[in-house]
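Derivation of every value follows stated rules applied to the coordinates shown; laboratory data play no part. Note that the structure is predicted; figures quoted are calculated from it, not measured. As a convention, Cβ positions derive from the backbone with ideal geometry for all residues, glycine included, and neighbour counts pool all protein chains shown.
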Amino acid sequence: MISNEQIDELVAAARSAKERAYAPYSRFRVGAAVLVGGRIFVGANIENASYPLSVCAERNAVAAAVIAGERRIDAVAVSTDESEPTPPCGGCRQVLNEFGPAMRVISEGADAKRADWSLSELLPHAFGPEDLGVDRPT
Ligand code: THU
């Protein structure tokens, strides 16, 4: 069970990571933080002059957790400066699903306005490891 304090800490980490976004083209800054057990890993969007090579905040946070040896993500928080909380893009939903199909997804926009979903709500009938006969990472 994830406590409200953990969620607040996760959202604060995403908000802080957003400050390190590199988004000179879209000027759409995104910060993300993933919770794994008690550990938090952060990411921000990093764009590129060759636009398709830009990487979303959520995927960078997932990469940080996986490189640290983690395989099961309990929750992800996203932070943007938009008035409405931004949900993760479709590609990021797919990447998040790999490491926690039941994870909580919290998003915070400007004025600390929050939305809260489950990943299965955002990505129903997901394609995952089991569809390839591969066990989910533990
Ligand atoms: N972006 C993210 O970082 N996460 C999302 O879920 C949506 C989009 C980034 C990609 C790009 O740098 C900018 O936001 C505008 O699409």
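Consider residue 16 carefully, then state whether it is among the polar types (S, T, N, Q) and within 12 Å of the ligand (Cβ to nearest atom). When the stated conditions are applied, residue 16 does not pass them. Would you confirm whether or not region 15-25 contains a residue that is of a type outside the set (S, T, N, Q) and under 29 Å from residue 138 (Cβ atoms)? Yes, because at least one residue in region 15-25 is of a type outside the set (S, T, N, Q) and under 29 Å from residue 138 (Cβ atoms). In the set (1) within 11 Å of the ligand (Cβ to nearest atom); (2) in contact with a Gly (Cβ under 7 Å, 6 or more places away or on another chain), residue 74 fails one condition alone, (1).
Number of residues in region 47-70 that are in contact with a strand residue (DSSP E or B) (Cβ under 9 Å, 6 or more places away or on another chain), assigned to a loop (DSSP other than H, G, I, E, B) and farther than 12 Å from residue 95 by Cα: the value is 5.
If you go through region 21-46 and keep only what is closer than 15 Å to residue 88 by Cα and either surrounded by fewer than 14 Cβ atoms within 10 Å (Cβ to Cβ) or among the hydroxyl-bearing types (Ser, Thr, Tyr) (or both), you end up with just 28.
With respect to (1) closer than 22 Å to residue 126 by Cβ; (2) surrounded by 17 or more Cβ atoms within 10 Å (Cβ to Cβ), the lone exception for residue 18 is condition (1).
Among the criteria (1) of a type in the set (Gly, Ala, Ser); (2) more than 13 Å from the chain's Cα centre (by Cα); (3) under 17 Å from residue 9 (Cα atoms), the one residue 77 does not fulfil is (2).
Look at region 21-31 and say how many of its residues are in contact with a strand residue (DSSP E or B) (Cβ under 9 Å, 6 or more places away or on another chain), within 7 Å of the ligand (Cβ to nearest atom) and of a type in the set (Gly, Ala, Ser).
The first filter runs over region 21-31 and keeps only residues in contact with a strand residue (DSSP E or B) (Cβ under 9 Å, 6 or more places away or on another chain), leaving 21-23, 29-31.
Now restrict to residues that are within 7 Å of the ligand (Cβ to nearest atom): 23, 30.
So of that shortlist, the ones also of a type in the set (Gly, Ala, Ser) come out as 23.
So the count comes out to 1.
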